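Scroll down for the structure; my scribbles are underneath it.
The values are calculated or read from the model by the stated rules, or taken from the named source; none is laboratory data. Nothing here was measured: the structure is a model prediction, and the numbers come from that model. Positions of Cβ are generated from backbone atoms using ideal geometry, with glycine treated the same way; all protein chains shown enter the neighbour counts.
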């Protein structure tokens, strides 16, 4: 699908003066000063905080309106030797948050257990089917992580059974909130917290730090101890890497490199990653899919047990189990993707006038439909709903391009659903099969009314026009200082016009394009992931405009600069 290249508006005169002062102060290329301003940095102190995130920049956890209540109850449970159960979600965010609280509370004498719902048995979030087990196991206090803010019926049942629950969550709340003892969620309108974009593990971390503060054991060592888990969960959940999330990711990645967590170390080794050069891409494409695979293909409890393991051999065994599950997950992903594409091509004959896609099957594994829905959004750039039915009851996952609020659409059609939750661009739900036609009709009507198909093109925001002769190690050193990269702090995207293809393009791997370009006597090697279809269009000596990012291609001890191609256009 053709992408829309979006150039940023020029800096104002005031911003130009500020950029000039940054260039002089930092002795950096003018382009770097402009990138800093584009990220909203306006002073020397803000730049220093950006390049060197510090734990002192965190917000107080007690800004959350219910934090005092939650902390007092947890401390009372510790003092009275009451059993606490951490109830987590089955994705990376939920698994890391569960491990964090279990390890962190155990260190201060709490009696702690955890429960992760089974995707195929319990479904998403808090489930009624698990409550009898929690009651029978002796739990007095439940602390949810990465779930619970919309579990009205389940939390009412918890209260009736004589247990209490503290909710920590970061999902969008519906209009009515459950009657929990405390709700700690930065998305609440009256949360009191200044940063709404924490991941679930970030919220759990703030709770743990608040407990430590009230116990008088706040120290740099205790703050850093589990920050590798916070970094993994935060980066994997694709939340904006700004404000506190940048602090967690930046410092936590360094903690991960220092090999503090045996389970994460085992995953890094089995993934074939370079421990010394870990970055956010390694988390998103290496570690996170493996942790997720445990919850997608079986029980995420395996992932939690890996993350809390204190035995090297046990960590290696659990990592091997997860690696096998991830291999199976990849096979199912590929098969399901091809099946879904076939259904879409048959069902939606006029894709240009299709506002959204709703597809279902009795044969799809519910653990992979979310991943496949994301891939379908990349291919078709439309909201996509996939539903896996079993005995008349469906588990659904939906993904949306950045121009449409899918969670809002589900709120509009919730009368057709058994349950639902999620974010603006990613949702999960359950539905009875008899309601599927009405749901699809209502959703399609809503999307058609709120999504302008004439304007919908994948946007590709270009940060700066660059000449190939500007690319050198000095520029790369400055770019790398912007890491870790992620939403809200993406790797800078450049455009270079009129480059010549100086070798024969070819494909590698799964449809990835490789080519070498030249301009003004300077060459740049490029790789375009999933752009292999261009190989029949781009020829040697073709003139192109290219949009790309710059990265180091690390092979052994050798580092070379490589362009990661985002899009290209053939020149006439």
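I'm checking my understanding of the structure. Among residues of the range 254-264 that are free of Cβ contacts under 8 Å to residues at least 40 places away in the same chain and assigned to a helix (DSSP H, G or I), which one is nearest to residue 223 (Cα to Cα)?
Here is the first cut: in the range 254-264, the residues free of Cβ contacts under 8 Å to residues at least 40 places away in the same chain are 254-260.
Restricting the remaining residues to those that are assigned to a helix (DSSP H, G or I) gives 254-257.
Details: 254: 14, 255: 11, 256: 14, 257: 17 Å.
Only one residue tops the list, namely 255.
Scanning the range 72-90 for residues that are modelled with pLDDT under 95 and in contact with a helix residue (DSSP H, G or I) (Cβ under 6 Å, 6 or more places away or on another chain), which turns out surrounded by the fewest Cβ atoms within 10 Å (Cβ to Cβ)?
Ranking the qualifying residues of the range 72-90, first place goes to 90.
In the range 427-439, which residues are under 27 Å from the mean Cα position of the chain (by Cα) and surrounded by fewer than 20 Cβ atoms within 10 Å (Cβ to Cβ)? I'd like the intermediate steps shown before the answer.
To start, the set of residues in the range 427-439 that are under 27 Å from the mean Cα position of the chain (by Cα) comprises 427-431.
Within the range 427-439, just 430 meets the criteria.
Inspect the range 201-208 for any residue being touching a residue at least 24 places away in the same chain (Cβ under 8 Å), crowded, with 20+ Cβ neighbours inside 10 Å and outside any helix (DSSP H, G or I) and give the result as yes or no. Outline the logic, then answer.
Step one: filter the range 201-208 for residues touching a residue at least 24 places away in the same chain (Cβ under 8 Å), giving 201-208.
So of that shortlist, the ones also crowded, with 20+ Cβ neighbours inside 10 Å come out as 201-208.
Checking which are outside any helix (DSSP H, G or I) leaves us with none.
No; the residues of the range 201-208 include none that is touching a residue at least 24 places away in the same chain (Cβ under 8 Å), crowded, with 20+ Cβ neighbours inside 10 Å and outside any helix (DSSP H, G or I).
A quick yes/no check of all residues on (1) in contact with a strand residue (DSSP E or B) (Cβ under 6 Å, 6 or more places away or on another chain); (2) over 18 Å from residue 238 (Cβ atoms):
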residue	(1), (2)
348	no, yes
381	no, no
386	yes, yes
391	no, yes
394	yes, yes
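Taking only the range 212-235 into account, find how many residues are surrounded by fewer than 24 Cβ atoms within 10 Å (Cβ to Cβ) and part of a helix (DSSP H, G or I).
As a first pass, look at the range 212-235 and keep what is surrounded by fewer than 24 Cβ atoms within 10 Å (Cβ to Cβ): 212-225.
If we keep only those that are part of a helix (DSSP H, G or I) too, we end up with 212-215, 220-224.
Residues in the range 212-235 being surrounded by fewer than 24 Cβ atoms within 10 Å (Cβ to Cβ) and part of a helix (DSSP H, G or I): 9 in total.
Here is a yes/no grid of residues against (1) more than 20 Å from residue 506 (Cα to Cα); (2) outside any loop (DSSP other than H, G, I, E, B); (3) not assigned by TED's automatic domain parsing to the domain that holds residue 379:
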site	(1), (2), (3)
525	no, yes, yes
533	no, yes, yes
538	no, no, yes
541	no, no, yes
545	no, yes, yes
554	yes, yes, yes
559	yes, yes, yes
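Evaluate the following for residue 304: is it in a helix (DSSP H, G or I), under 20 Å from residue 90 (Cβ atoms), at pLDDT 95 or above and not assigned by TED's automatic domain parsing to the domain that holds residue 399?
yes
Residue 175 - would you say it is over 22 Å from residue 74 (Cβ atoms) and touching a residue at least 60 places away in the same chain (Cβ under 8 Å)? Step through it out loud before you land on a result.
Details: over 22 Å from residue 74 (Cβ atoms): yes; touching a residue at least 60 places away in the same chain (Cβ under 8 Å): no.
No: the conditions fail for residue 175.
Take the residues in the range 489-500 that are out of contact with any helix residue (DSSP H, G or I) (no Cβ under 8 Å at 6 or more places or on another chain) and not in a strand (DSSP E or B); name whichever of them is surrounded by the fewest Cβ atoms within 10 Å (Cβ to Cβ).
Initially, the range 489-500 is screened for residues out of contact with any helix residue (DSSP H, G or I) (no Cβ under 8 Å at 6 or more places or on another chain), giving 490, 493-495, 497-498, 500.
So of that shortlist, the ones also not in a strand (DSSP E or B) come out as 490, 493.
On the way: 490: 13, 493: 20.
Across the range 489-500, the extreme among qualifying residues is 490.
Select from the range 265-289 the residues that are within 24 Å of residue 240 (Cβ to Cβ), assigned to a helix (DSSP H, G or I) and in contact with a helix residue (DSSP H, G or I) (Cβ under 7 Å, 6 or more places away or on another chain) and list them in ascending order.
Once the filter is applied, which keeps residues that are within 24 Å of residue 240 (Cβ to Cβ), assigned to a helix (DSSP H, G or I) and in contact with a helix residue (DSSP H, G or I) (Cβ under 7 Å, 6 or more places away or on another chain), the range 265-289 yields 280, 283, 284, 286, 287, 288, 289.
Would you confirm, using the coordinates I've provided, whether residue 238 is out of contact with any helix residue (DSSP H, G or I) (no Cβ under 7 Å at 6 or more places or on another chain) and closer than 27 Å to residue 374 by Cα? Break it down stepwise before answering.
Working: out of contact with any helix residue (DSSP H, G or I) (no Cβ under 7 Å at 6 or more places or on another chain): yes; closer than 27 Å to residue 374 by Cα: yes.
Spelling it out, residue 238 is indeed out of contact with any helix residue (DSSP H, G or I) (no Cβ under 7 Å at 6 or more places or on another chain) and closer than 27 Å to residue 374 by Cα.
Right, residue 77: under 18 Å from residue 204 (Cβ atoms), in contact with a strand residue (DSSP E or B) (Cβ under 8 Å, 6 or more places away or on another chain) and part of a helix (DSSP H, G or I) or not? Break it down into steps so the answer makes sense when it comes.
Values: under 18 Å from residue 204 (Cβ atoms): yes; in contact with a strand residue (DSSP E or B) (Cβ under 8 Å, 6 or more places away or on another chain): yes; part of a helix (DSSP H, G or I): yes.
It is true that residue 77 is under 18 Å from residue 204 (Cβ atoms), in contact with a strand residue (DSSP E or B) (Cβ under 8 Å, 6 or more places away or on another chain) and part of a helix (DSSP H, G or I).
Just the residues that are under 30 Å from residue 454 (Cα atoms) and not in a helix (DSSP H, G or I), please, taken from the range 2-38. If you could, list the steps in order and put the result at the bottom.
To start, the set of residues in the range 2-38 that are under 30 Å from residue 454 (Cα atoms) comprises 2-11, 38.
Selection gives 2, 3, 4, 5, 6, 7, 8, 9, 10, 11.
May I ask you to verify whether residue 148 is farther than 26 Å from residue 365 by Cα, touching a residue at least 40 places away in the same chain (Cβ under 8 Å), in the same structural domain as residue 176 (by TED's automatic domain parsing) and surrounded by 15 or more Cβ atoms within 10 Å (Cβ to Cβ)? Lay out the reasoning, then the answer.
Values: farther than 26 Å from residue 365 by Cα: no; touching a residue at least 40 places away in the same chain (Cβ under 8 Å): yes; in the same structural domain as residue 176 (by TED's automatic domain parsing): yes; surrounded by 15 or more Cβ atoms within 10 Å (Cβ to Cβ): yes.
Considered against the rule, which asks whether it is farther than 26 Å from residue 365 by Cα, touching a residue at least 40 places away in the same chain (Cβ under 8 Å), in the same structural domain as residue 176 (by TED's automatic domain parsing) and surrounded by 15 or more Cβ atoms within 10 Å (Cβ to Cβ), residue 148 comes out as no.
Here are 103, 131, 35, 126: which of them is outside the structural domain of residue 205 (by TED's automatic domain parsing) and buried (at least 16 other Cβ atoms within 10 Å of the Cβ)? Give the steps one after another, and end with the answer.
Working: 103 fails: outside the structural domain of residue 205 (by TED's automatic domain parsing); 131 fails: outside the structural domain of residue 205 (by TED's automatic domain parsing); 126 fails: outside the structural domain of residue 205 (by TED's automatic domain parsing).
Residue meeting the stated conditions: 35.
Considering only the range 516-551, state which residues are under 17 Å from residue 480 (Cβ atoms) and out of contact with any helix residue (DSSP H, G or I) (no Cβ under 7 Å at 6 or more places or on another chain).
Taking the range 516-551 first, the residues under 17 Å from residue 480 (Cβ atoms) are 548-551.
Correct list: 548, 549, 551.
Going through the range 408-418 one residue at a time, which ones are more than 22 Å from residue 348 (Cα to Cα) and either surrounded by 20 or more Cβ atoms within 10 Å (Cβ to Cβ) or in contact with a helix residue (DSSP H, G or I) (Cβ under 9 Å, 6 or more places away or on another chain) (or both)?
408, 412, 415, 416, 417, 418
Kindly indicate the residue of the range 79-93 that is touching a residue at least 40 places away in the same chain (Cβ under 8 Å) and over 22 Å from the mean Cα position of the chain (by Cα) and also nearest to residue 238 (Cα to Cα) among those meeting that condition. Please lay out each step first, then the result.
Of the range 79-93, the ones touching a residue at least 40 places away in the same chain (Cβ under 8 Å) are 82-93.
Those left that are additionally over 22 Å from the mean Cα position of the chain (by Cα): 82-85.
Numbers: 82: 35, 83: 33, 84: 29, 85: 27 Å.
My answer is 85.
Only residues that are out of contact with any helix residue (DSSP H, G or I) (no Cβ under 7 Å at 6 or more places or on another chain), under 22 Å from residue 379 (Cβ atoms) and either surrounded by 15 or more Cβ atoms within 10 Å (Cβ to Cβ) or in contact (Cβ under 8 Å) with a residue 40 or more places away in the chain (or both): list them for the range 501-514, please. Show your work before the answer.
At the first step, the residues of the range 501-514 found to be out of contact with any helix residue (DSSP H, G or I) (no Cβ under 7 Å at 6 or more places or on another chain) are 501-504, 508-510, 514.
Among the residues that remain, those that are also under 22 Å from residue 379 (Cβ atoms) are: 508-510, 514.
Result: 514, single match.
Just one of the numbered conditions (1) buried (at least 16 other Cβ atoms within 10 Å of the Cβ); (2) at pLDDT 95 or above; (3) touching a strand residue (DSSP E or B) at 6+ places or on another chain (Cβ under 8 Å) is not true of residue 96; which one?
(3)
Taking the conditions exactly as written (in contact (Cβ under 8 Å) with a residue 12 or more places away in the chain and over 23 Å from the mean Cα position of the chain (by Cα)), does residue 460 satisfy them or not? Full working, then the answer.
Values: in contact (Cβ under 8 Å) with a residue 12 or more places away in the chain: yes; over 23 Å from the mean Cα position of the chain (by Cα): no.
No.
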